[in-house]
Each structure stands twice: as structure tokens, then as C-alpha cells.
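K.L.:
Have a look at this one before I ask anything.
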Amino acid sequence: MRILAIESSCDETAAAVVEDGRRILSSVVASQLDTHRKYGGVVPELASREHLRAIVPVVRQALAEADTEYSDLAAVAVTEGPGLTGSLLVGITFAKSLCLVHGLPLIAVNHIEGHIHAVVMEAGAAGAVFEFPVLALVVSGGHTHLFQVTEGYRYRLLGRTRDDAAGEAFDKVAKLLGFGYPGGPVIDSLAPHGNPSAVKFTLARMKGNVRDFSFSGLKTAVLRWTEARDLTEEVERRKALGRKTGRPTVAQWLEVTPKATLDLLASFQRTVIEELLHRAEAAADEMGARALIVSGGVACNRGLRAAAAGRGLGIPVHFPTPALSTDNAAMIAAAAFLKLDRGEFAGFGLKAQANLTLA
Ligand code: KG4
Ligand code: ZN
């Protein structure tokens, strides 16, 4: 049984063919990073236009690489939200047209559920058997959520960010310091060159739900740190490097980044990781989690992976491989199989839902 899935919620146009919920026959991702990088973040209008340009070749490529015809498909799945309305609309409209023309059922998938199923699919294919309840930490540029996942993949929201998402915090700090967009990968690769204990940041104190996250205080603390020093020259040098090379190497960044700034990056990253794992650990204990799933772009972070492994949580911790951590369509197909089993199909009235929640 094969599903073709389409994902266009943010700045990647993606299509994938997955067989039996486990086997990825193809997964094509056309990244728009080069378009958005010069603006320091995703520009929604440009994103929609790029999706329009990319959607046909990306879907064709996904089918060709999977050696799959429309007649081989059981359904077409598409991300219905959350995300940018204009971007979502491109994927949804295209998926609907395919279903109409080829007489296929349409399945609508929540992007956040997709991130969780990236791990379920990959770990499952490697032989992992999930025992419930599972704790899922979804950390990306748009989301920072903790879910309790019970038998049959039912979700309960345990906590969420009250302000910035974790990836957004990485992106904003990187931008402030002249490292360009997206910030996560750069900070990830520079953090090992700094001392994570050099700058003391405090964790957010949560009133109300103590499982919620907050990153705005940390972001402000980084801003204060930069204001207390004159960083204009080094920031300008990094911006110039970014403009010149597009995507500088670690060695090139190191040439224009003094030790004090590397220490700041390492300390910032460590604080974000602590904020995430501290709350995840408490939630896991409280609910008696049998496994932890971490997914979303920030799950690529090597410091986070090492810290989660080193923490001795006493339960299996599953991270997706980097290609399945960031936005992709294979994860949307994986989540769609669940709906195919349940016979949950979408109608042609399906709309983009920018603020769709999972629970
Ligand atoms: O899941 P994703 O591709 O898109 C969203 O749904 O948001 O996540 C992108 C986010 C960006 O904020 C990016 O900076 C962050 O994930 N990211 C990372 C790393 N790689 C990507 N953050 C920290 N460390 C990384 N290695
Ligand atoms: Zn995502």
C-alpha cells in the first residue's frame, strides 16, 4: 500500500512516497533557504511563490524515484496545518487536483503529528516497538510542544512555549549576532568551540503550567549581553562573510568569531537544551512515560542529542535522522497511514488551517 504525501507548510516544498507506513520509497525536499536567507527569515509571499514553482517537479520526482504511478497509490496525503496559509494552500490545492483527476482518496495530516510519526516510522522500521504512554517533544522553528501519546496515537498537550519556539530562539540569537538564517545549524556547529558554563543564564520560571516553555527571557538576556559589549565590528564582519560566501564553513565562522562570542553561543545552546530536557524529564516522570520521542528541526541539534542520551532518563529516547527531523513529506505519509487504517478521509472542502492544533 503506497501513499503519496505533500508537505508545503513553511519553506520546504516536499513530496514522498511511503509504502506500508514504514518503507520510504522516495522523499524529495526542495528547500527555499537560499531565497529567504537574504531576508533573515521566511517571507510568506515568497514562500507561496516558490511552492508554486516547485510543486509539480517535486511531486514528479518523488513518483519517479519511487517508480510509482498514480494507479499504484492508495491515497494522496497533504499537510492541512499548522503553517503559513498561502504555503499550505499550494500543497492542498495540488493534492485535491491529483485526487480529483486520478480518483484517489485525500488524507489531511497535521504537521505536528507528522513530526511525531517521522520517529515512529523510522524507529519502527529499525525494529523498535513502542510501549505507551510515550512522551513526545516536538521542537522546531514554529513549535515547542510536549505531548502525552497513548495507545492508538491519541494526544494530550502537556506543555507548550508561551512565546518563541526553540528553533526561533536559535534563529533570533544567530541573526542578532550576524550569523544569518537559519541559526540552529550554525550555533550547533560552533557551540563545541565555546565554554557552555561561561555565561550564566537562568531557566524560565513558569507560573501556572510548569510544563510550559519560555525562551523570550533567554533571548533578552543574550541581547543584554551583546549591548554590554561593542560587537558592531565583529557582527559586521560576519554579515559580510555571509553575503560573500552564502553558507560559510565552520572554519570561516571561527575566523570572525572571538572566544567570548563562542562562549556565549555554547552557554545559550546549553540553556535551551536544559530548558527542553528539564521539563521533558519532569513530564516523563510524572506520566510514567515508557519512551521519549524528540522531533522537529531542533532535534538535529547534536548537543541536544548528546544531552538526552547522557541524562540517563531510564527510558528509550528516539530521535529521527536529520533528514527526517526537519520538514519533509515522508513523515506526512507516515501519519497518513494511521488515518487510512481508520478510514479518515478529507473532503474536497479541505481548507488550510494556519493555527491547527494537535491537542
Ligand atoms: O522542523 P523545521 O524544519 O521547520 C519547522 O516546522 O519549523 O525546523 C526548522 C528549525 C529552524 O528554526 C532551525 O534553526 C532549527 O529548526 N534547526 C536547528 C538545527 N537544525 C535546524 N536548531 C538547532 N540545532 C540544529 N542543528
Ligand atoms: Zn516542521
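Here, each number is a calculation from the coordinates, and none is a lab measurement. The shown structure was predicted, so the numbers you read here are calculated from the model rather than taken from an experiment. A quick note on method: Cβ atoms are made from the backbone with ideal geometry, for glycine too, and the neighbour counts reach across all protein chains shown.
K.L.:
Considering only DSSP states other than H, G, I, E and B, which GluC sites (Glu not before Pro) in segment 85-164 qualify as loop sites with at most 13 other Cβ atoms within 10 Å?
P.N.:
Here the GluC sites (Glu not before Pro) that fit, given the DSSP loop and packing criteria, are GLU131, GLU151.
K.L.:
For q = 0.19 Å⁻¹, what log10 I(q)/I(0) does segment 158-222 give under the Debye formula with an equal point scatterer on each alpha carbon and no solvent?
P.N.:
Here log10 of I(q) over I(0) equals -0.80.
K.L.:
Where nothing but the Cβ of Lys and Arg (+1) and of Asp and Glu (-1) is charged, how large is the charge dipole of the chain around its Cα centre, in debye to the nearest 20?
P.N.:
780
K.L.:
Enter the angle in degrees (range 0 to 90, nearest 10) between the Cα long axis of helix 85-102 and the first principal axis of the Cα atoms of the chain, meaning the one along which they spread out most.
P.N.:
On a 0 to 90 degree scale, this one is about 20.
K.L.:
Using only the alpha-carbon atoms of segment 132-289, report the extent along each of the three principal axes, biggest first, to the nearest angstrom.
P.N.:
Principal-axis extents of segment 132-289 (Cα, largest first): 52, 29, 23 Å.
K.L.:
For PHE132 and ARG162, compute 0.36 nm times the residue count separating them, minus their Cα-Cα distance, and round to one decimal in nm.
P.N.:
8.1 nm
K.L.:
Can you pick out the pairs among LYS172/LYS339; LYS175/LYS244; LYS38/LYS219; LYS175/LYS259; LYS38/LYS259 whose Cα atoms lie more than 28 Å from each other?
P.N.:
On the way: LYS172/LYS339 36 Å; LYS175/LYS244 16 Å; LYS38/LYS219 22 Å; LYS175/LYS259 18 Å; LYS38/LYS259 26 Å.
From LYS172/LYS339; LYS175/LYS244; LYS38/LYS219; LYS175/LYS259; LYS38/LYS259, over 28 Å: LYS172/LYS339.
K.L.:
How far is helix 216-227 tilted off the main Cα axis of the chain, in degrees rounded to 10, range 0 to 90?
P.N.:
40
K.L.:
Considering every pair of different Cα atoms, what Kirkwood radius, in Å, is found for segment 260-302?
P.N.:
11.9
K.L.:
Report, in whole Å, the centroid distance computed from the Cα atoms of segment 78-138 and segment 278-332.
P.N.:
19
K.L.:
For segment 227-359, what class follows from the C-alpha gyration tensor (a ≥ b ≥ c being the square roots of its eigenvalues): rounded when a/c is under 1.5, otherwise prolate if a/b is larger than b/c, else oblate?
P.N.:
oblate
K.L.:
Need one number: the % of Cα-Cα pairs in segment 280-334 sitting beyond the 16 Å mark.
P.N.:
More than 16 Å apart: 46 percent of the Cα pairs in segment 280-334.
K.L.:
Now a separate question. From the residues GLY314, TRP253, PRO185, which one has its Cα farthest along the dipole of the chain in the positive direction, the dipole being from +1 and -1 charges on Cβ of Lys/Arg and Asp/Glu about the Cα centre?
P.N.:
TRP253
K.L.:
Rounding to the nearest 10 and keeping the result within 0 to 90°, find how far the Cα-based axis of helix 166-176 lies from the longest principal axis of the chain.
P.N.:
Around 50 degrees separate the two axes.
K.L.:
To continue, here is another question. Using only the Cα atoms of segment 29-106, build the gyration tensor, take square roots of its eigenvalues as a ≥ b ≥ c, and label the shape rounded, prolate or oblate: rounded if a/c is under 1.5, else prolate if a/b is larger than b/c, else oblate.
P.N.:
Prolate is the answer for segment 29-106, as a/c is 1.5 or above and a/b outweighs b/c.
K.L.:
Quick check on the chain: of the DSSP beta bridges with both residues there, what percent are antiparallel, nearest 5%?
P.N.:
So the antiparallel bridges amount to about 60 percent of the total.
K.L.:
How would you classify segment 62-167 from its alpha-carbon gyration tensor, with a ≥ b ≥ c the square roots of the eigenvalues: rounded for a/c under 1.5, else prolate if a/b is greater than b/c, otherwise oblate?
P.N.:
Because a/c hits 1.5 or more and a/b fails to exceed b/c, segment 62-167 counts as oblate.
K.L.:
Which of VAL29, VAL90, VAL235 moves the most in a Gaussian network model of the chain with Cα springs under 10 Å?
P.N.:
VAL235
K.L.:
Take the Cα pairs of the chain, get the Kirkwood Rh, then feed it into Stokes-Einstein at 10 °C and 1.306 mPa s and tell me D in µm²/s. Don't jump to the answer; show the numbers that get you there.
P.N.:
Working: Rh = 20.9 Å.
The calculation lands on 76 µm²/s.
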